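To keep things clear, I will list the structure first and then write my remarks on it.
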Amino acid sequence: MHALVSRILVVLVVSLTLGGGQAHAQSAQQSVILTIDGAIATRNGATDVRFDATMLDALPAYSFRTWTPWFKEAVTFSGPRLQDVLEAVAAKGKTLHMVALNDYAVDVPFDDAAGFGPLLARRIDGKVIGVREKGPLFLVYPFDDRPETRNEVFYARSIWQLTRITVR
Ligand SMILES: Nc1nc2c(c(=O)[nH]1)N[C@H]1C(S)=C(S)[C@@H](COP(=O)(O)O)O[C@H]1N2
Ligand SMILES: [Mo]
């Protein structure tokens, strides 16, 4: 089994095992950051996978520093790669329908994950991104390293306050 898949499975099994009591289940419920549903093969809910901070932080962390349209200066984004999150849930599809807390939604081509290496950034300059500052997750492309992403198409895909991905 792929190392990453087995790693996330361990985290899923541990969170399911610990989730026995109702109080525990409730607190786990509150800490859900990202829900993924649709064409996935690994689940920890009936039809979806719910990631909390521990599960996201169990994935390999990547970071890059880049200019973006949203900040005056270059900042360092860090978090798991979109590609690794998709691999962890054994996602297969063509389109990622992404929905934000503010109801903004955008369709991101599945192949962007491997093609450009965007992050599901959870931190900016080392600090967890609050909901008021585009958190808890912000899909960001490495704009400085990949000039072909420096345009409106990719800015529109750069969804912040990301809360749900449906794999289609
Ligand atoms: N959550 C969320 N992400 C979003 C948006 C939004 O409204 N909400 N707007 C998108 C669009 S259409 C673009 S072009 C870029 C830039 O948005 P801004 O110029 O309003 O900052 O962010 C993208 N990400
Ligand atoms: Mo836009």
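The values are calculated or read from the model by the stated rules, or taken from the named source; none is laboratory data. From a predicted model like this one, the values you see are computed outputs, not experimental measurements. Virtual Cβ from ideal backbone geometry, glycine too; neighbours counted across all protein chains shown. Heads up: the accessible areas ignore ligands, DNA and RNA and are worked out on the full protein's heavy atoms, side chains in. Shrake-Rupley method; radii C 1.70, N 1.55, O 1.52, S 1.80 Å.
Observations on the model:
- Full-extension gain in nm, Asp103 to Arg146, via 0.36 nm per residue minus C-alpha separation: 12.7 nm
- Once both labels are positioned 7 Å from their Cα atoms along Cα-to-Cβ, the gap between Thr95 and Arg168 label points is 0.3 nm.
- Built amide H within the under 5 Å cut-off of Ile129, gap 5+: Arg123, Ile124
- Residue-by-residue Karplus 3J(HN,Hα) for the stretch 44-56, coefficients 6.51, -1.76, 1.60, Hz, glycine and proline x: 10, x, 4, 10, 8, 10, 10, 9, 9, 4, 4, 5, 5
- In whole percents, the pair-distance distribution calculated for the stretch 61-100 from its alpha-carbon pairs, binned every 5 Å from zero, is 6, 17, 19, 19, 21, 12, 5, 1.
- Annotation: amide H-H contacts under 5 Å for Gly38 (H modelled 1.01 Å from N, sequence separation of 5 or more, or interchain): Val167.
- Here the simple spin-label model places points 7 Å from the Cα toward Cβ, and for Val153 and Glu73 these points are separated by 3.3 nm.
- Sulfur and carbon atoms: percent of accessible area, the stretch 73-168 [1.4 Å]: 50
- Backbone HN-Hα couplings from phi across the stretch 131-144 [Karplus 6.51/-1.76/1.60, Hz, Gly and Pro as x]: 4, 6, 10, 6, x, x, 9, 9, 6, 10, 8, x, 4, 5
- Backbone amide hydrogens, once placed in the peptide plane, bring Asp144 within less than 5 Å of Trp67, excluding anything fewer than 5 places away on its chain.
- Each residue of the stretch 89-101 was assigned a 3J(HN,Hα) from its phi angle through the Karplus expression (A = 6.51, B = -1.76, C = 1.60, θ = phi - 60°), giving 9, 6, 7, 9, x, 10, 9, 10, 7, 10, 10, 9, 4 Hz with x at Gly and Pro.
- Prolate/oblate/rounded call for the stretch 98-168, Cα gyration tensor, a/c under 1.5 rounded: oblate
- Ranked by how many other beta carbons lie within 10 Å on average, peptides 157-164, 78-85, 35-42, 65-72 from highest: 78-85, 157-164, 35-42, 65-72
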